[in-house]
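Novice: This structure is in structure tokens; I'll ask about it shortly.
The values are calculated or read from the model by the stated rules, or taken from the named source; none is laboratory data. Keep in mind that what you see is a predicted model, and the values were worked out from it rather than measured. All Cβ positions, glycine included, derive from the backbone under ideal geometry; neighbour counts span all protein chains shown. The accessibility values were calculated without ligands, DNA or RNA, using every heavy atom of the protein model including side chains. Shrake-Rupley method; radii C 1.70, N 1.55, O 1.52, S 1.80 Å.
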Amino acid sequence: MLEKYVIEGGHPLHGEVAISGAKNAAVAIIPATILAKGPCIIENVPNISDVAIMLKILRDMGASIRMLDKSTVEIDTTMVEHPVVPYELAKHMRASYYFLGALLSRFNHAEVSMPGGCDFGVRPIDQHLKGFKALGAQYSIDHGMIDVQADELIGAQVYLDVVTVGATINIMLAAVYAKGLTIIENAAKEPHIVDLANFLNSMGAEIMGAGTDVIKIRGVRQLYGTTYSIIPDQIEAGTFMIAAAATHGDILVRNIIPKHLESITAKLERIGVTVEDYDDSIRVRANQPLLKSSVKTMPHPGFPTDMQPQITVLLTLAEGTSIVTEGIWDNRFKYVDELRRMGADISVDGKVAVIEGKGHLTGAPVKATDLRAGAAMVIAGLAAEGITEIENIYYIERGYEDFVEKLKGLGACIKKVGAPDLLEQAL
Ligand code: EPZ
């Protein structure tokens, strides 16, 4: 079925929305259960397709998976014997490469297909492999599969040439059973890295410094099952904050950690949006004209790259010239062509987008080009005058739980329609 979203713009968002568990923490914590002797109970798991794929991969490898309720899963990986992740599933999802670190730790061997994922530039894994090699492993890449093996994993010092979330996580996973001390320098500091370290420590690991640029992991002999609740998703929260600003709304975003949203809050205030922090919620009100601004995406605690498409849409609604610089990915402006169909005036030169904000957009048929760009097109549709139809919404549903329902709960005029796929019907 060719499903799409149909949005009637012009309705200010109002009311409350509850944020789900963090996708990028869940896709690291779920593979990490391979390291536990005995069952793990993971709470606040977001009901999104990336998580569903991860759980299916574990089940296909022999783990027992039991949903205790909509967002709580019990995972027992005792019966997992073969350190191979099926190509058919892993190829759909970049984060499947976290199985490399977890399987290498437990079996001294791992075979996983080369990562796929969103297409916004080259997505190498050289730093992951550099870390595995430093710990004493050898690797080969044949027929689209990465094969990593080690006689014995020994703690080592690894300096990351580039700040990378994936490599920081994968090396942490590979180091928890390594003999002695592993030090990761120039480590990424995202909230989901701290969440994974806390999860591993709750299983009996000895990880210090997560959230700083030096992480130390002292190898232990065995990790055990635990019960753990995943942190709220800072990017989902930021997406709703910007949707409220784009529609001149007034919403309360609940189940959040204000500290994780500091860079987004600071930028929204610069754009003239009123933001009020509470203990576990944040209020966003936009009742005055949006102001042009400039932003550069950076590793945490800088402005997140996963909020770049969303802030670009917001700045098309501010009068004047704004500049967005992508500091992480080589080619993360592919969605701009879709935005131009809605009247946006943006020129892109490599990693820099210059936005001539006109203060409004008009509805049009557009496509989601990746997960966060798709969410940004929804924001554009909510703010635009008239009807916007968005195709390729499977991208969006990879990372946003109950997105349509949550937006409807805020007064958005949005629905999901399934246009029958003629080819599928013919077959
Ligand atoms: C994670 O991707 C996130 N995905 C991405 O979010 C996010 O954009 C990214 O971190 C940056 O925050 C998950 O957590 C599942 P990186 P990851 O390794 O780990 C270069 C979303 O929308 N690099 O931090 O793949 C790389 O090319 C997704 O939820 C190397 O050079 O990103 C990039 O320029 C999209 N060598 C930079 O580092 C390596 O070995 C950051 O990449 C690895 C990365």
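Novice: Being open to solvent by less than 20 Å² (accessible area, probe 1.4 Å), of a type in the set (Gly, Ala, Ser) and on the phi < 0 side of the Ramachandran plot is the requirement here; does Ala344 meet it?
Specialist: Taking the combined requirement at face value, the residue satisfies it.
Novice: Oh, and also: Just to verify a result, which residue in region 112-133, among those that are open to solvent by 40 Å² or more (accessible area, probe 1.4 Å) and more than 9 Å from the ligand (Cβ to nearest atom), is nearest to Met54 (Cα to Cα)?
Specialist: Met114
Novice: Does region 134-150 contain any residue that is more than 16 Å from the ligand (Cβ to nearest atom), outside any helix (DSSP H, G or I) and crowded, with 20+ Cβ neighbours inside 10 Å?
Specialist: Yes, because at least one residue in region 134-150 is more than 16 Å from the ligand (Cβ to nearest atom), outside any helix (DSSP H, G or I) and crowded, with 20+ Cβ neighbours inside 10 Å.
Novice: Which condition breaks for Pro289 when tested against (1) part of a loop (DSSP other than H, G, I, E, B); (2) in contact with a Ser or Thr (Cβ under 9 Å, 6 or more places away or on another chain)?
Specialist: The number of the failed condition is (2).
Novice: Okay, next question. Determine the pairs where a residue that is closer than 17 Å to Ile355 by Cα and hydrophobic (A, V, I, L, M, F, W, C), located within region 327-342, has a partner that is more than 10 Å from the ligand (Cβ to nearest atom) and in a loop (DSSP other than H, G, I, E, B) with Cβ atoms under 8 Å apart, the partner being 6 or more residues away or on another chain.
Specialist: That search, which allows pairs on different chains as well, returns Val336/Ala344; Leu339/Leu361; Met342/Leu361; Met342/Gly363; Met342/Ala364; Met342/Ala384.
Novice: Pull up region 309-326, narrow it to residues that are open to solvent by 10 Å² or more (accessible area, probe 1.4 Å) and not in a loop (DSSP other than H, G, I, E, B), then point me to the one that is nearest to Ala244 (Cα to Cα). Don't jump to the end; show me each part of the working.
Specialist: Just the residues of region 309-326 that are open to solvent by 10 Å² or more (accessible area, probe 1.4 Å), to begin with: 317, 319-321, 323, 325.
With the extra rule that they be not in a loop (DSSP other than H, G, I, E, B), the set shrinks to 319-321, 323, 325.
Details: Glu319: 18, Gly320: 20, Thr321: 22, Ile323: 21, Thr325: 23 Å.
The extreme case among them is Glu319.
Novice: List every residue pair whose Cβ atoms lie under 9 Å apart, where the two residues are 6 or more positions apart in sequence or sit on different chains, the first residue falls within region 214-233 and is free of Cβ contacts under 8 Å to residues at least 24 places away in the same chain, and the second residue, located anywhere, is in a strand (DSSP E or B) and of a type in the set (Gly, Ala, Ser).
Specialist: Matching pairs, first to second residue: none at all.
Novice: Can you pull out the residues in region 107-156 that are over 30 Å from Gly327 (Cβ atoms) and of a type in the set (Ser, Thr, Tyr)?
Specialist: Once the filter is applied, which keeps residues that are over 30 Å from Gly327 (Cβ atoms) and of a type in the set (Ser, Thr, Tyr), region 107-156 yields only Ser140.
Novice: Same structure again: Of Asp60, Asp50, which residue is open to solvent by 60 Å² or more (accessible area, probe 1.4 Å) and either over 23 Å from Glu405 (Cα atoms) or of a type outside the set (S, T, N, Q) (or both)? Can you show your working first?
Specialist: On the way: Asp50 fails: open to solvent by 60 Å² or more (accessible area, probe 1.4 Å).
Exactly one of Asp60, Asp50 is open to solvent by 60 Å² or more (accessible area, probe 1.4 Å) and either over 23 Å from Glu405 (Cα atoms) or of a type outside the set (S, T, N, Q) (or both), namely Asp60.
Novice: Inside region 77-96, can you point out the residues that are of a type outside the set (Val, Ile, Thr) and crowded, with 19+ Cβ neighbours inside 10 Å?
Specialist: Pro83, Ala90, Met93, Ala95, Ser96, listed by residue number.
Novice: Would you check which residues across region 327-336 are more than 9 Å from the ligand (Cβ to nearest atom) and surrounded by fewer than 14 Cβ atoms within 10 Å (Cβ to Cβ) and list them?
Specialist: Hit for region 327-336 is Asn331, nothing else.
Novice: Could you grab me the full set of residues in region 97-110 that are crowded, with 20+ Cβ neighbours inside 10 Å and free of Cβ contacts under 8 Å to residues at least 60 places away in the same chain?
Specialist: Ala110
Novice: Could you say which residue among Ile183, Ile141, Ile169 is in contact with a strand residue (DSSP E or B) (Cβ under 8 Å, 6 or more places away or on another chain), of a type in the set (A, V, I, L, M, F, W, C) and modelled with pLDDT of 95 or more? Steps first, answer last, please.
Specialist: On the way: Ile141 fails: modelled with pLDDT of 95 or more; Ile169 fails: in contact with a strand residue (DSSP E or B) (Cβ under 8 Å, 6 or more places away or on another chain).
Of the residues listed, the single one that is in contact with a strand residue (DSSP E or B) (Cβ under 8 Å, 6 or more places away or on another chain), of a type in the set (A, V, I, L, M, F, W, C) and modelled with pLDDT of 95 or more is Ile183.
Novice: For His300, are the conditions met, namely being within 24 Å of Trp329 (Cβ to Cβ), within 14 Å of the ligand (Cβ to nearest atom) and not in a helix (DSSP H, G or I)?
Specialist: Against the criterion (within 24 Å of Trp329 (Cβ to Cβ), within 14 Å of the ligand (Cβ to nearest atom) and not in a helix (DSSP H, G or I)), His300 qualifies.
Novice: Could you check, for region 48-58, whether at least one of its residues is touching a Gly at 6+ places or on another chain (Cβ under 8 Å), within 16 Å of the ligand (Cβ to nearest atom) and more than 30 Å from His248 (Cβ to Cβ)?
Specialist: yes
Novice: Return the residue satisfying two criteria in turn: it lies in region 156-181 and is in contact (Cβ under 8 Å) with a residue 40 or more places away in the chain and over 19 Å from Phe99 (Cα atoms), and of such residues it is surrounded by the most Cβ atoms within 10 Å (Cβ to Cβ). Break it down into steps so the answer makes sense when it comes.
Specialist: Our first condition is that a residue be in contact (Cβ under 8 Å) with a residue 40 or more places away in the chain; within region 156-181, this holds for 163, 165-179.
Still in the list and also over 19 Å from Phe99 (Cα atoms): 163, 179.
Numbers: Val163: 18, Lys179: 14.
Of everything passing the filter in region 156-181, Val163 is surrounded by the most Cβ atoms within 10 Å (Cβ to Cβ).
Novice: If you don't mind, there's one more thing I want to ask. Can you list residue pairs whose Cβ atoms sit under 7 Å apart, with the first residue in region 271-285 being of a type in the set (Gly, Ala, Ser) and the second being open to solvent by less than 50 Å² (accessible area, probe 1.4 Å)? Count only pairs 6 or more apart in sequence or on different chains.
Specialist: Hits for this filter: Gly272/Leu290; Ser281/Leu252; Ser281/Val253; Ser281/Ile256.
Here's the yes/no breakdown for (1) out of contact with any Lys or Arg (no Cβ under 7 Å at 6 or more places or on another chain); (2) within 16 Å of the ligand (Cβ to nearest atom):
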residue: Pro304; (1), (2): yes, yes
residue: Gly320; (1), (2): no, no
residue: Thr325; (1), (2): no, yes
residue: Met342; (1), (2): yes, no
residue: Val352; (1), (2): yes, yes
residue: Lys358; (1), (2): yes, no
residue: Leu361; (1), (2): yes, no
